[in-house]
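What follows is one structure encoded as structure tokens, with my remarks underneath.
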Amino acid sequence: MVLRIDDTDPARNVEGGEDALLADLEWLGIGFDEGPVRQSERAAQHAEAMERALGAGLAERDADGSLRLAGAGTTLARPDGTATYQLASVADDLALGITHVIRGSDHRPNLPVQQRIARALGGELPEVIHHGLMLGPDGKKLSKRHGHSSISQLRDEGFPAAAVRAYLDELGLPEHDVQLDVARLGRLAVDAIAAMPDEELAAAVEAPVEVVPALRGARSLLEAREYARLVVAPERTALGDDARLTLERFGELRRPAPEWLTSDEARAIVRELKAVGGDLRALRVALTGAERGPELASVLAALPRDEALERTS
RNA sequence: GCCCCCAUCGACUAGCGGCCUAGGUCACCACCCUUUCAAGGUGGCAGCACGGGUUCGAAUCCCGUUGGGGGCACCA
């Protein structure tokens, strides 16, 4: 597996583009054996290929000095002598001993041209497989408008890398274009978060390990982060007098219990409150400042005694 | 306009001439569980784009139509 950066056109190279690409690959956990090989650093090899193409009668010199594929008109080299993608990629495929290329179907029309160039260079093009393109949920070309239009955007939206990989694996190499299925991706994110070891999940949302059980129901890392915030640093909320009884009863149950509750002990307290007709919603709001969030028992288990009592007093 | 790909439930797919009354997963709907949201359990809805062939037999092979996509750069 060779990572090659096809940067033959300086005008189109984006500042930081390569780093962003590398970062995405690393995040996804996709490694490579060689590279990155930059085509911009292989001008000498490309010049050699031009000579051979000229010698084989494959290329013709234009009036302005550019090199064109005989008969077809495809440009192989610019007037300044730099190779275009068509020539450079074929020459490098051959030079690097590439055996297989997997690329999007937008490249399909290039196949016959590149096979022709490869033969003129005295070789044979690697085996090429084309796959369908990823479309937006509306069946149209993926764009910024859809959101989730790039790997880094998916990461920012809180999808775990494992979920994105699982989705890609599921897709395989479709022959036709494929619509991005956000719901499916979300489902895989739930599974991926559920499968994460405590330490990893804690690190991913920058939260203490004790709160991890409270994060388990989250559907995205963003949501998990929000859950963690509700446990660690909730907003203070004023509760009405009708909540008083439940909170007092909670205090009576919590005070004699250990500093940290096991999940069984936490569940037992919830069960007890439930049995006496306690207002669990009020307890939730007192503890997390929100009506919705992590499972109540897991919140109890994530808070030390004094903190829990303080929030409910 | 010209060239090239593709076509199964809403989505992603399994299917390579008889195991197809078309299977799975997600979504959706109902119910169960649960005094939050998820998760989990049970059940349900729903599809071979259309028209012709070939064959004893077609989702599967052939032709056409329609639809979708890609390409037609001194971009990659």
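What follows draws every value from the coordinates through simple rules; no lab data is involved. Computed from a prediction, not measured in an experiment: that's the story for all the values here. Please note: Cβ atoms are built from the backbone with ideal geometry, for glycine as well, and neighbour counts cover all protein chains shown.
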Modelling each spin label as a point 7 Å along the Cα-to-Cβ direction, I'd like the A:R281/A:V209 distance in nm, to one decimal. 3.7
What is the local net charge at A:M1, summed over the other residues whose Cβ is closer than 11 Å to its Cβ (Lys, Arg +1; Asp, Glu -1)? -1
Indicate the gyration tensor shape class of segment A:175-254 (rounded, prolate or oblate), computed on the Cα atoms with a ≥ b ≥ c the square roots of the eigenvalues: a/c under 1.5 is rounded; otherwise a/b larger than b/c is prolate and the rest oblate. prolate
Under the rule of at least 5 residues apart or a separate chain, name every residue whose amide H is placed under 5 Å from the amide H of A:R4. A:V37
Linear extension gain, A:A233 paired with A:F32, 0.36 nm per residue minus alpha-carbon span: 68.2 nm
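Using per-residue counts of other Cβ atoms within 10 Å, averaged over each peptide, order A:112-118, A:200-206, A:30-36 from highest down.
On the way: A:112-118: 18.1, A:200-206: 16.4, A:30-36: 11.3.
Ranking the peptides A:112-118, A:200-206, A:30-36 by packing returns A:112-118, A:200-206, A:30-36.
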If amide H atoms are built 1.01 Å from N in the plane of the peptide, which residues on other chains or at least 5 residues away come under 5 Å of the amide H of A:L76? A:L67, A:R68, A:L69
For A:A194 and A:R52, compute 0.36 nm times the residue count separating them, minus their Cα-Cα distance, and round to one decimal in nm. 45.4 nm
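According to the square roots a ≥ b ≥ c of the eigenvalues of the Cα gyration tensor, what is the shape class of chain A, taking rounded for a/c under 1.5, prolate for a/b larger than b/c otherwise, and oblate for the remainder?
Values: a/c = 3.94, a/b = 3.69, b/c = 1.07.
In terms of gyration-tensor shape, prolate.
Lys and Arg at +1, Asp and Glu at -1: add these up for the other residues within a Cβ distance under 13 Å of A:P294 and post the number.
On the way: positive: A:R216, A:R219, A:R225, A:R229, A:R284, A:R292; negative: A:E210, A:E223, A:E226, A:E291, A:E295.
It works out to a net charge of +1.
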Choose one answer from A:G104, A:G251, A:G17: the residue with the largest mean-square fluctuation in a GNM of chain A with alpha-carbon springs under 10 Å. A:G17
Tally Lys/Arg at +1 and Asp/Glu at -1 over every other residue whose Cβ is under 9 Å from the Cβ of A:P304; what's the total? -3
Applying the gyration tensor rule to the Cα atoms of segment A:1-158 (axes a ≥ b ≥ c; rounded if a/c under 1.5, else prolate if a/b exceeds b/c, else oblate), the class is prolate
A:A290 paired with A:E307, simple spin-label distance in nm, labels 7 Å along Cα-to-beta-carbon: 1.6
Using alpha carbon centers only, segment A:172-251 is separated from segment A:78-128 by a whole-angstrom value of 47
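Multiply the residue separation of A:A20 and A:T262 by 0.36 nm, subtract the distance between their alpha-carbon atoms, and state the gained length in nm to one decimal. Walk me through the numbers on the way to the answer.
Details: separation 242, 0.36 × 242 = 87.12 nm, distance 4.30 nm.
Result for the pair: 82.8 nm of gain on full extension.
Can you show me the helix-derived [θ] at 222 nm for chain A, built from DSSP H runs with n ≥ 4 at -39,500 (n - 2.57) apiece and divided by the number of residues, rounded to the nearest 500. Walk me through the numbers on the way to the answer.
Working: 14 runs with 145 residues, N = 313.
Computed mean residue ellipticity for chain A: -14000 deg cm²/dmol.
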